[in-house]
Amino acid sequence: MNAVPFKFDNMYEGFADGHGLIRDEGTHVSLEFQIQDSIVGLVKSGIKHVQIPVNDLAAVRLERRWFGLVTKIVLQASRMDVVKDVPGMVQGKLELGIARKDRDLAKQFVDGLHVAESRMD
């Protein structure tokens, strides 16, 4: 089971950060994450768990931006309700920030998923 650490950027206008793990569990992708205030770092939410059926993913890709300095796993769900509880979701699209040290692991994760390829706009 390939687990990749990720983070959510600029939550709640920069007052919070989110960190978690994404895993391929065969029939679904599992997201576990926790939200923490970015000012002091003392206030944390409980750990949240969201399972996204692989059949409900229209596309999953690895994107590199800013001349390759920023890496993100981008998931596009075919239905918004399956990702409604994930912070930062816009029109069923999730962008998960990947640390430089985890880029190879993220590439393995994306390459290992069997998702029907579709174009994301």
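Every number here is computed from the coordinates shown, using simple stated rules; none is lab data. Keep in mind that what you see is a predicted model, and the values were worked out from it rather than measured. In this analysis, Cβ positions are derived from the backbone assuming ideal geometry, glycine residues included, and neighbour counts consider all displayed protein chains.
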- [ ] May I ask you to derive the relative contact order of the range 3-112, considering only C-alpha pairs under 8 Å and at least 6 residues apart, and to give it as an integer percent?
- [x] 24 percent
Task: For a label point 7 Å along the Cα-to-beta-carbon line of ARG64, residues of the range 77-98 with backbone N under 16 Å - done: 98
Task: In nm, spacing of pseudo-spin labels at SER30 and SER45 (7 Å Cα→C-beta vector) - done: 1.9 nm
